[in-house]
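Notes follow once the structure below has been shown.
The values are calculated or read from the model by the stated rules, or taken from the named source; none is laboratory data. The structure displayed is predicted, hence computed values, not measured ones. Here the Cβ is made from the backbone with ideal geometry for all residues, glycine too, and neighbour counts use every protein chain on show.
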Amino acid sequence: MFDESFLSQLKRWNEKTSLKNLKFNRGIERETLRVSKDGSISNRPHPEALGSPLTNPYITTDFAEALIELVTPKFDNVDDLYSCLQDLHVFTAQNIDEDEYLWAHSMPCRIEKESDINIANYGTNDSGMLKHIYRKGLRARYGSIMQCVSGIHYNFSIDAACYKNLLGDEYTQDMVDDLYLSLIRNFKRNFWFILAQLSASPVADKSYVSGRSHDLDELNADDVFLPNATSLRMSNIGYQSPIQTSLGIRYNSLAGFIESVNKGIKMPHPDFKDLGLYDDAGNRQQISDGIIQIENELYDTIRPKRTSSDGLRPSNALKEYGIEYVEVRGVDISPDTLGGISKDQMRLIDLFLIHCFVSESPELTDEENIQLQKNHTDMVASGRNNSTMILFKGKMVTSGSAMVDLVNELELLAKNLDGDNDDYSKALRTITNMENQSAAILRSVKDNKSFHDVAFEKSMQNTNELRQNNSLDLSYLELEKEESLKRFKDIEHNPHKDIEAYVEQYNSQI
């Protein structure tokens, strides 16, 4: 049976404009560690052959010098997006040192000492130093190893040309904002589905939890795990900050979201205040001592976003111009796909996000939000057990029962979106019928040696396959590399540098 409210919502959307004719934009940010020939994290600087990480829009770094981030532009179809992502991976694999490899998993390689992790460097210019200081703050707050977890960020939006059909000729940005906030609330309600279908991090090397409290089991002499875990990356030992729950973010209004984020930046937290804004040498090590230093420190599974000019804070860009797209942050790296994510997985995310758009989305209450956090925690720890109890459509049901219900609705939605090739229906069938990635990874580790060894073997295999691809025209990436180095040189040579004044000016925007 189908939920009558979903059927009526689907009919309402199709009356406004055929879902099949709606245009969606999507882009990807993929993180991956550079590792040395023995599988350890690279201690070499970001390769100049990849351009400047400050000014290259395609290839940059995340937390560490060794943590590459590949960034695609936005595309209105999956095939072109996948091709661009393939270009970026091939170019990167061919331009790092030949004795280095791109790590193929979300959970990091074995890291014996945090001092082995070099924080990303962006030069001595003010904007580059701000990025570096932010990362020093992350290291002081959470430790460096946590920051080496990798993932897929999926950026998604309805093309602006479609808003008139959906919202009317006289639509406003406020109406667009409400549309995306509705999606975000439903995404959080059903994030358990993403954990069940797209997770790939059930196990970690013991070095990842060294000196940290955790509730993981010992798998072998080298690894920790949970028997039915989906994504340790999204667990309380992953890319999470329990302190941030005090911000009470509900996504019921854009103004409320911005107010909560700004509160998090301005409100000092005792632990972070004790760390100090400056290190023992007198160098700044935090942008602020707030619950979050900047907006990007908000660790949530999805965030509203707006592109903005350099120097304009993200919260101010949202306040001034509204929501442009959403950034989905809860997707693990798929090690069996050279680009970290397959076309079928992209289409499944599309389908899920469109379902979030179409479905009714009442405001989140405090009580529901608490239960959704429990959904998250329980599905992370035991989501491969179909008897796990979760809140779904206002009732406590097993995750297996909820899965059947939601997949039925996604099947109907896919038929409304499919073209001649039935791409969405095929993607849904393929992924929901295949073995869960986390189960496959865990079986591989159990059947072989350690997670580190299994993951490193896959990393070498994937990187070597990328290096052997000589069929692509990568001249645009080579040109962008050269241009980025020129832009960086110009920025670095600006004589007016005052990082303290720059940080104060940046903080004053809140």
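Quick look at the values:
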read-out	value
Out of GLY339, GLY322, sole residue that is out of contact with any His (no Cβ under 9 Å at 6 or more places or on another chain) and either in contact (Cβ under 8 Å) with a residue 40 or more places away in the chain or of a type in the set (Asp, Glu) (or both)	GLY322
Flag if SER115 is surrounded by fewer than 21 Cβ atoms within 10 Å (Cβ to Cβ), among the small types (Gly, Ala, Ser) and in contact (Cβ under 8 Å) with a residue 24 or more places away in the chain	no
Single unsatisfied condition, ASP332 versus (1) out of contact with any Phe, Trp or Tyr (no Cβ under 9 Å at 6 or more places or on another chain); (2) of a type outside the set (Lys, Arg); (3) surrounded by fewer than 20 Cβ atoms within 10 Å (Cβ to Cβ); (4) touching a residue at least 12 places away in the same chain (Cβ under 8 Å)	(3)
Of residues in the stretch 283-324 being small (Gly, Ala, Ser) and either more than 16 Å from TYR134 (Cα to Cα) or within 17 Å of the chain's Cα centre (by Cα) (or both), the one modelled with the lowest pLDDT	SER309
Qualifying residue in the stretch 303-314 (condition: in contact (Cβ under 8 Å) with a residue 60 or more places away in the chain, farther than 24 Å from ILE119 by Cα and among the β-branched types (Val, Ile, Thr))	no
Test set (1) touching a residue at least 40 places away in the same chain (Cβ under 8 Å); (2) within 21 Å of GLN505 (Cα to Cα); (3) touching a helix residue (DSSP H, G or I) at 6+ places or on another chain (Cβ under 7 Å); (4) outside any loop (DSSP other than H, G, I, E, B) - ILE287 fails condition number	(4)
Residue match in the stretch 334-355 (condition: among the basic types (Lys, Arg) and part of a loop (DSSP other than H, G, I, E, B))	no
Where MET460 falls short, out of the listed (1) modelled with pLDDT under 95; (2) touching a strand residue (DSSP E or B) at 6+ places or on another chain (Cβ under 7 Å); (3) of a type outside the set (Val, Ile, Thr)	(1)
Number of positions in the stretch 209-252 that are surrounded by fewer than 19 Cβ atoms within 10 Å (Cβ to Cβ), among the charged types (D, E, K, R) and within 22 Å of the chain's Cα centre (by Cα)	0
Any hit, the stretch 185-193, residues being crowded, with 19+ Cβ neighbours inside 10 Å, touching a helix residue (DSSP H, G or I) at 6+ places or on another chain (Cβ under 8 Å), touching a residue at least 12 places away in the same chain (Cβ under 8 Å) and outside any helix (DSSP H, G or I)	yes
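A quick yes/no check of all residues on (1) of a type in the set (Gly, Ala, Ser); (2) crowded, with 22+ Cβ neighbours inside 10 Å; (3) under 22 Å from the mean Cα position of the chain (by Cα); (4) assigned to a strand (DSSP E or B):
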{"site": "GLU69", "(1), (2), (3), (4)": "no, no, yes, yes"}
{"site": "ASP79", "(1), (2), (3), (4)": "no, no, yes, no"}
{"site": "LEU85", "(1), (2), (3), (4)": "no, yes, yes, no"}
{"site": "VAL90", "(1), (2), (3), (4)": "no, yes, yes, no"}
{"site": "GLN94", "(1), (2), (3), (4)": "no, no, no, no"}
